[in-house]
Amino acid sequence: MSKAGALDLAAGVGGTIQRSEVLCAVDKYEKYHVCYGGEEEERKTNYSDMVNKYYDLVTSFYEYGWGESFHFARRWKGESLQESMKRQEHFLASQLALKPGYEVLDVGCGIGGPLREIARFSFASITGLNNNEYQITRGEELNRAAGVDKTCKFVKADFMHMPFSDNTFDAVYAIEATCHAPDIYGCYKEIYRVLKPGQYFAAYEWCMTDSFDPHNKEHQDIKAEIEIGNGLPDIRLTGQCIEALKQAGFEVIWEKDLAEESPVPWYQVLDGNHFSLSNFRVTPLGRFITRIMVEALECVGLAPEGSLRVLKVLERAAEGLVKGGRMGIFTPTYFFLVRKPQCESSVMTQGSC
């Protein structure tokens, strides 16, 4: 880690949280989770507070390690993590047939890395929906720097209660974001509402696979590690997502766990058995060096108290993700493409459509 990189990282820890309150925020965040006695229903009830605290605490670490896009990807041999993420974003845009003139919604957009990449790739106008003030402020800075601030914007809102009229968008997508929803049916129903009839919604979802056994203690522990390390109220099975989409009114075009046939395991980037210079910062050695630097910065007061505990939360996430990936019980790349019918059954009249 360079001196400039270390100082930028230290300055960003906590997001909009006051430096003196970071440690308290970490305490409160951890108590939401099973590992610290928390309950799933409490996480779902307080999901907005929990997720906001999570991203206030971790966004600067994410950006330092991953860049502007915070997601995994199906990877080819010889392909860098950054190349695979861009290809994954282009694939999604192609599935939605995005084009100039389209008004598109990115649900849970982070700091807008995919939003900017997809806008440049498709020439569509994209609105990023995010409920975290710090991420939006950072995303607007990056939009201006990339020169896409005229066609791309952010809206601060909860994706369970979107501030848009019915039938607003030509396409909607979500990249590893709706996993934060306390009620996936309610989230999909809101997406259905704001999408124009006949148009498409595509997403990459974090899911437990059919290999997950809810009665297996090791499986339960891995799921809990992923939840606390990633700000999740729960992790659903792939089948539960598809059922919720159908209940919301969508027609399923196709769905597939893209991790199943990935030439390079999606979790390899976090795996201690693999070393890579191209994504060194997120490798175990890179994370170890970051940990030492953050500890030093916290000791001298350049990073707020609690920064090291935030990093340990992310370490726990990495461990859970690798174990879940190796055992085949978890995937971050469950993809689906669905369509809102041209004519909704609730408003159809005889002879219409």
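Data table
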| item | result |
| --- | --- |
| Separation of the K312 and K99 label points, Cα + 7 Å toward Cβ, nm | 5.5 |
| Gain in span if fully extended, S211 to R339, counting 0.36 nm per residue against the direct Cα distance | 43.3 nm |
| Sequence-distant residues sharing a close amide H with L237 (under 5 Å, placed H) | M208 |
| Paramagnetic reach from E21 (point 7 Å along Cα→Cβ, amide N under 14 Å) across region 46-60 | 49-50, 52-54, 56-57 |
| Label point distance in nm, E133-C299, each placed 7 Å from Cα along Cα→Cβ | 3.4 |
| Cross-link reach list, lysines versus K150, counting only Cα pairs under 19 Å and skipping chain neighbours closer than eight places | K99 |
| Amide proton proximity set for Y102, modelled H, under 5 Å, gap of 5+ | S125 |
| Accessible area of region 178-269 belonging to carbon and sulfur atoms, whole % at 1.4 Å probe | 47 |
| Cα gyration tensor shape of region 109-172, rounded if a/c is under 1.5, else prolate or oblate by comparing a/b with b/c | oblate |
| Förster radius 25 Å - calculated FRET efficiency between E40 and E251 (Cβ-Cβ, nearest 0.05) | 0.25 |
| Spin-label pair T151/K31, simplified geometry with 7 Å Cα→Cβ offset, distance in nm | 4.8 |
| In Hz, Karplus ³J(HN,Hα) per residue of region 89-100 (6.51, -1.76, 1.60; θ = phi - 60°; x = Gly, Pro) | 5, 5, 4, 4, 4, 5, 4, 8, 6, 5, 7, x |
| Nearby lysines by direct alpha-carbon distance to K312 (threshold 20 angstrom, same-chain neighbours under 8 apart not counted) | K28, K31, K53, K223, K323 |
| All aspartates and glutamates inside 12 Å of K196 as judged from Cα atoms, apart from same-chain residues fewer than 8 positions distant | E103, D166, D170, E344 |
| Carbon and sulfur %, accessible surface of region 137-176 computed with the full protein complex present, 1.4 Å | 46 |
| Per residue, in Å², the accessible surface of region 57-197 once ligands and nucleic acids are set aside, probe 1.4 Å | 37 |
| Under the Karplus curve 6.51 cos²θ - 1.76 cosθ + 1.60, θ = phi - 60°, whole-Hz ³J(HN,Hα) for region 163-170, x wherever Gly or Pro sits | x, 10, 6, 4, 6, 8, 9, 7 |
| Pairwise centroid distance, computed over Cα atoms, of region 123-163 with region 209-248, Å | 28 |
| K196 - accessible surface, heavy atoms, 1.4 Å probe, Å² rounded to 10 | 70 |
| Net length gained if the chain between E218 and E260 were fully extended (0.36 nm per residue, minus Cα distance) | 13.0 nm |
| Long-range HN-HN contacts of R75 with modeled amide H, under 5 Å | V264 |
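The values are calculated or read from the model by the stated rules, or taken from the named source; none is laboratory data. Because the structure is predicted, anything quoted here is derived from the model rather than measured. With ideal geometry, Cβ positions are generated from the backbone for all residues, glycine too; neighbour counts draw on all protein chains shown. For accessibility, only protein heavy atoms count, side chains too; no ligands or nucleic acids. Shrake-Rupley method; radii C 1.70, N 1.55, O 1.52, S 1.80 Å.
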